[in-house]
Amino acid sequence: MQPATRLAILGGGEEELNLLSEFHRTAGIEIIGIYDRDPRALAMEIAEIIGVPTFCDDSFLPVFTGADYIIVTEKRKSFEREITLLTRERKKIINPSEAVNYLASGQAGGAEEGGDEAYQWPLHLEEALKYLNRITDRERLLKWLLEISVGAVGASAGSIMLYSEHAEELYIAYATGLSSGVIQKTRQKIGTGIAGKVAETMEARLLEDIVDTPLYREGRERQKIKSAISAPLDHEGKLLGVINISTNEGEKGLTRNDVETIEMLAGKITPILEQHLRIDSHEIREIEFQIRGYLETLFHKDIGFHDKFTYLSSYLAEKLGADTVTVYTATDEGDWLILGGSDQQLTIGSQATRIHCIKGSLARAYLSREEVIMTEVRHEIGMKFKPQEGGITSVYIPLVHTEPLGVIHFEFSSRDRIERFFRMKDTLRFQVGFFTYSQLRELRQSRRMDSLEDLSSITPVLVTMKDIKSRITHLPVLLSSLVKASMGSMHHSTPRGWEESYYHFPGEEPEKSLYREYDQEMLERVIARWEPIALSFMPAEVDMSEEPPIHHSIIAYPLFSSDDTKCVYIGYNKMPASPLDSSIFGRYEMELLGKVGEILVPLLAEGEEGMKGEGYMNFADLLKSNQKMLIERIRDEIERAERYHHSFTVTLFKINGLKEILEADYKNGLGLINELSLGIRTQVRKTDYFSWIESDLFGVLSLESYQRIGFLEERLSGYIRKVLSGTSIADPETCYPVSGYALFPGTQETPADLIREAKSRIDKQLKI
């Protein structure tokens, strides 16, 4: 029986631990000791656990002299003294690659007297590859696979190129004899260049006399290559990559026999490589699952819009190994984007940079909905390389979910990282796209809720005003606030002439006349066609033949028209609440003003009604629009609750006796309602929706939990009692608040049923 080969290891770091794990309990090999000056080194502690002798002083020398081979890593300078002592004992000191070579050929440190290394190599190949199956680190695996191949044919250098299915190109995964810049930046499209042709045809290729061929000399980093072999790495018909082997001037030239050897080795290597890539796929699935869990957690965090995307960008950069990650989100203004978040830039508050997508890679990805991949590299034929350090690959991925949502931008300097990213980008695009969709939907929903609440408050405010002139005076303020206009005007025609009111118009000449003349022109345009107008103007960057308008955006809306009266609102210069909102007026503002028109018809009709009887009925009729908006808002919240699995409550407050006050003293009754309406809006939370829906009834849609809804009822009831006690027209004995609620999800499923359930609880309390 052949005696075991005795190995000793100098060093106790992570790389030495890998050697320990590879050779421990391997048939025919005995590790007789491991040495490091630090007894707490990782490999030293593991060696002690598994029973391998450890040394941290000169006591190692007598033991190590009994070793057949002593392995030391590239950190030889750390052990110069120890190596000197061992050299005196004439011991063979080898590096890790030479140790693997020994396992394959029975030799160490190169060819010995016993025969030709290239000839003996295949005899022990299966034994060597068995150990390589244990390696989980890709770079170390590729390094040793390449060294086996280079040693098998007596070559001096080589590279293993892997195939990227997504980019349809080859990239250098590991190489010897090339600078890191060339390794990082070299890309080879399938069908172009030597390696690309080999990948396309799946046939090995031998290149001879390269030194004397101008085609291969020009622009190449290694000028002394004499011959080379390029062979495909494929597993069951699937291309994994290409292996390249070369020799220099003064070395033996590669032959057809060497091509056969490399082809044989490629057949042995590819199962190991395919298994490693398959294990890598499991790791990718795990990362995708972790990102999904993080997105779910992030969605429920009570932080701002930009904070969420900043956290997301930082998380993705760390998880994917990207140099930078930036998310650009869509706005309501077509080809404009904003900076949602970035791991490199902090967005303060609700403000963010707006980007006009009219050209460039970002615009192409967003408007054309196509991925854009850019790499700092030049594709060249043959074996020419462009040496340049610090290659960066930029990837722009459009985010789409029923509509364009934005673009996520990645930058990678690591080729392994970008390749792994390509294998998971489709899943990532869907996950981040849906998250972005949910965030934008939440913001739009919040904006819509605010607008509906503003609409519902218009009626109580206007009906308390004693005449049409007062209403006309206040309408520009109310409507400009509703559509977020910085200036506004109201024009109301009667048989007696036009009544006009202005909000935030200049009060000094000549600006006053200039603005009002322009406003009059817009009014005439609307009256001529009786259609809404929404215009926007880009700032002039070049000389124009005509002077540009004095406003960047305008909306002119005909609110209503009858036989003897007309009403038109004109708003100027939209002020978006956040960068996500459109900076110009459009369809959304027109829809809001259309609902305002329905409210204003009875309020501005010529011939004022008495302040009792029929006037009271007009107020009740006006509140029907508020009822519709509340139902619409509840319907939206039901949809959100079913999608995101949260609950909400609809709470109604009836002020018993208020209807009788309106019948007895309509004017003061409306004043009381207006006071209550304005005050209640300060008592509810910002996320709550409040609306007065009947003459003595208002509703609050709240996201508060069922356990906390009692606090809301108590808070609002206390406020109402306080207001009622301070007025002379309300008797606390007969005029008081009663509340009832309905919970979703619960026994009811529609907005009407939820309102009906809340009303039934009120009725039960009134009967007690």
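The values are calculated or read from the model by the stated rules, or taken from the named source; none is laboratory data. The structure displayed is predicted, hence computed values, not measured ones. Heads up, the Cβs are rebuilt from the backbone with ideal geometry, glycines too, and the neighbour counts pull from every protein chain shown.
Here are some conditions: (1) within 30 Å of Ala204 (Cβ to Cβ); (2) aliphatic (A, V, I, L, M); (3) in contact (Cβ under 8 Å) with a residue 60 or more places away in the chain. Leu337 meets all but one. Which one does it not meet?
(1)
Could you tell me whether Val72 is modelled with pLDDT of 80 or more and within 28 Å of Val150 (Cα to Cα)?
Numbers: modelled with pLDDT of 80 or more: yes; within 28 Å of Val150 (Cα to Cα): yes.
In short, yes.
This table checks each residue for (1) modelled with pLDDT of 85 or more; (2) closer than 24 Å to Ser625 by Cα; (3) in a loop (DSSP other than H, G, I, E, B); (4) hydrophobic (A, V, I, L, M, F, W, C).
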{"site": "Asn668", "(1), (2), (3), (4)": "no, yes, no, no"}
{"site": "Arg681", "(1), (2), (3), (4)": "no, yes, no, no"}
{"site": "Glu714", "(1), (2), (3), (4)": "yes, no, no, no"}
{"site": "Leu724", "(1), (2), (3), (4)": "yes, no, no, yes"}
{"site": "Thr727", "(1), (2), (3), (4)": "yes, no, yes, no"}
{"site": "Gln765", "(1), (2), (3), (4)": "yes, no, no, no"}
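Considering only the stretch 640-664, how many residues are more than 22 Å from Leu766 (Cα to Cα), modelled with pLDDT under 85 and not aliphatic (A, V, I, L, M)?
Number satisfying all stated conditions: 6.
Starting from the stretch 241-259, keep only residues that are of a type in the set (Val, Ile, Thr), then list their pairs with residues that are in a loop (DSSP other than H, G, I, E, B) and at pLDDT 90 or above whose Cβ atoms are within a distance under 6 Å, requiring at least 6 positions of separation or different chains.
From residues that are of a type in the set (Val, Ile, Thr), the pairs are Val259/Ala204.
Does the stretch 744-768 hold any residues that are of a type outside the set (D, E, K, R) and closer than 21 Å to Ile680 by Cα, and which are they? Write out each step before concluding.
Going through the stretch 744-768, the residues of a type outside the set (D, E, K, R) turn out to be 744-748, 750-752, 754-755, 758, 760, 762, 765-766, 768.
Across the stretch 744-768, the qualifying residues are Ile755, Ala758, Ile762.
When residues of the stretch 18-56 are filtered for being assigned to a loop (DSSP other than H, G, I, E, B) and of a type in the set (Ser, Thr, Tyr), how many remain?
1
Looking only at the stretch 319-327, decide whether some residue is out of contact with any strand residue (DSSP E or B) (no Cβ under 6 Å at 6 or more places or on another chain), outside any loop (DSSP other than H, G, I, E, B) and over 21 Å from Leu405 (Cα atoms). If you could, list the steps in order and put the result at the bottom.
First, the residues of the stretch 319-327 that are out of contact with any strand residue (DSSP E or B) (no Cβ under 6 Å at 6 or more places or on another chain): 319-321.
Keeping just the survivors that are outside any loop (DSSP other than H, G, I, E, B) gives 319-320.
Add one more test, that the residue is over 21 Å from Leu405 (Cα atoms), and what stays is 319-320.
Yes: the stretch 319-327 contains one or more residues that are out of contact with any strand residue (DSSP E or B) (no Cβ under 6 Å at 6 or more places or on another chain), outside any loop (DSSP other than H, G, I, E, B) and over 21 Å from Leu405 (Cα atoms).
Quick one: is Thr353 polar (S, T, N, Q) and modelled with pLDDT of 85 or more?
Values: polar (S, T, N, Q): yes; modelled with pLDDT of 85 or more: no.
No; evaluated as a whole, the condition is false for this residue.
Restricting attention to the stretch 234-253, and to residues there that are surrounded by 24 or more Cβ atoms within 10 Å (Cβ to Cβ) and not small (Gly, Ala, Ser), which single residue is nearest to the chain's Cα centre (by Cα)?
Start the filter on the stretch 234-253 by keeping residues that are surrounded by 24 or more Cβ atoms within 10 Å (Cβ to Cβ), which leaves 241-247.
Applying the additional criterion that residues be not small (Gly, Ala, Ser) yields 242-245, 247.
Working: Val242: 35, Ile243: 37, Asn244: 39, Ile245: 42, Thr247: 48 Å.
Of everything passing the filter in the stretch 234-253, Val242 is nearest to the chain's Cα centre (by Cα).
If you check Asp753 against the conditions, is it without any contact (Cβ under 8 Å) to a residue 60 or more places away in the chain and among the acidic types (Asp, Glu)? Show your work before the answer.
On the way: without any contact (Cβ under 8 Å) to a residue 60 or more places away in the chain: yes; among the acidic types (Asp, Glu): yes.
In short, yes.
Identify, please: which residue in the stretch 697-708 is surrounded by fewer than 19 Cβ atoms within 10 Å (Cβ to Cβ) and in contact with a strand residue (DSSP E or B) (Cβ under 7 Å, 6 or more places away or on another chain) and is, among those, nearest to Ile631 (Cα to Cα)?
Taking the stretch 697-708 first, the residues surrounded by fewer than 19 Cβ atoms within 10 Å (Cβ to Cβ) are 703, 705-708.
Within this subset, residues satisfying the condition of being in contact with a strand residue (DSSP E or B) (Cβ under 7 Å, 6 or more places away or on another chain) are 703, 706.
Working: Leu703: 16, Tyr706: 20 Å.
Per the stated criteria, the residue is Leu703.
If I filter the stretch 19-45 down to residues being farther than 17 Å from Pro96 by Cα and small (Gly, Ala, Ser), which single residue comes out as modelled with the highest pLDDT?
Ala41
So, Ser728, is that one under 25 Å from Asp665 (Cβ atoms), small (Gly, Ala, Ser) and in contact with a strand residue (DSSP E or B) (Cβ under 7 Å, 6 or more places away or on another chain) or not?
Values: under 25 Å from Asp665 (Cβ atoms): yes; small (Gly, Ala, Ser): yes; in contact with a strand residue (DSSP E or B) (Cβ under 7 Å, 6 or more places away or on another chain): no.
Criteria not met by Ser728.
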